[in-house]
Amino acid sequence: MNTLTQLIDTYAEKLLQAAKTAQKQAYAPYSEFRVGAALLLADGEIVNGCNVENASYGATVCAERVAVWSAVAAGKLSPQNPPKALAVTALPCALCLQVLSEFAGADLPVLVAAADGAEGGYRLFYLGDLLPQVFRLK
Ligand code: THU
């Protein structure tokens, strides 16, 4: 284990637990697929999100985007206080990766809770591996 993964391991359990707690809040009567996300910010604050579905299916919002939008709306997430890591109970979709890339760099650790007993109970990815090319206006 290198220094970076050791550092991630120090907050992994707490962050994954926050994502699993947020998962319980999911409103997913249509898919019955509940997702929880927990965003760790540079200042140490953790902001949660869960998926919120809608009868007009396209209006559904994913857990990761709810976390990002909640954090921005609460005045907690900004370019001055960017995300330090994300924990989520399922692999993030490409739309959420694009939204995360607005505020975080390719080196953002993304901890995905593993159902299969992976070491530490999660799989570690980096934002740049999951979304190598980011859409930018400039
Ligand atoms: N979902 C998320 O919350 N995050 C993702 O990154 C992928 C999908 C939700 C949306 C929908 O409520 C359910 O999972 C099934 O697609």
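The values are calculated or read from the model by the stated rules, or taken from the named source; none is laboratory data. Being a predicted model, the structure only gives us computed values, none of them experimental. Here the Cβ is made from the backbone with ideal geometry for all residues, glycine too, and neighbour counts use every protein chain on show.
Structural remarks
- Options Ala37, Ala12: the member that is within 13 Å of the ligand (Cβ to nearest atom), under 14 Å from the mean Cα position of the chain (by Cα) and closer than 17 Å to Arg123 by Cβ: Ala37
- Contacts under 8 angstrom Cβ, first residue in the stretch 58-75 being within 15 Å of Gln25 (Cβ to Cβ), partner basic (Lys, Arg) and within 8 Å of the ligand (Cβ to nearest atom), 6 or more apart: none
- Scanning the stretch 13-47 for residues that are of a type in the set (A, V, I, L, M, F, W, C) and surrounded by fewer than 20 Cβ atoms within 10 Å (Cβ to Cβ) turns up Ala28, Phe33, Leu41, Ala42.
- Enumeration of residues in the stretch 109-133 that are over 10 Å from the mean Cα position of the chain (by Cα) and either part of a loop (DSSP other than H, G, I, E, B) or within 11 Å of the ligand (Cβ to nearest atom) (or both): Ala114, Ala115, Asp116, Gly117, Ala118, Leu130, Leu131, Pro132, Gln133
- Residue that is farthest from Thr21 (Cα to Cα) [pool: residues in the stretch 107-138 that are without any contact (Cβ under 8 Å) to a residue 24 or more places away in the chain and in contact with a helix residue (DSSP H, G or I) (Cβ under 8 Å, 6 or more places away or on another chain)]: Asp107
- On inspection, Lys84 does not qualify as part of a loop (DSSP other than H, G, I, E, B) and more than 9 Å from the ligand (Cβ to nearest atom).
- Here Arg136 passes the criteria (1) over 17 Å from the mean Cα position of the chain (by Cα); (2) under 15 Å from Ala38 (Cβ atoms) except the one numbered (2).
- Residues in the stretch 87-101 that are crowded, with 22+ Cβ neighbours inside 10 Å and of a type outside the set (A, V, I, L, M) were compared, and the one that is farthest from the ligand (Cβ to nearest atom) is Thr89.
Here is a yes/no grid of residues against (1) closer than 26 Å to Arg136 by Cα; (2) at pLDDT below 95:
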residue: Thr10; (1), (2): no, yes
residue: Pro29; (1), (2): no, no
residue: Val68; (1), (2): yes, no
residue: Gln80; (1), (2): yes, no
residue: Gln98; (1), (2): yes, no
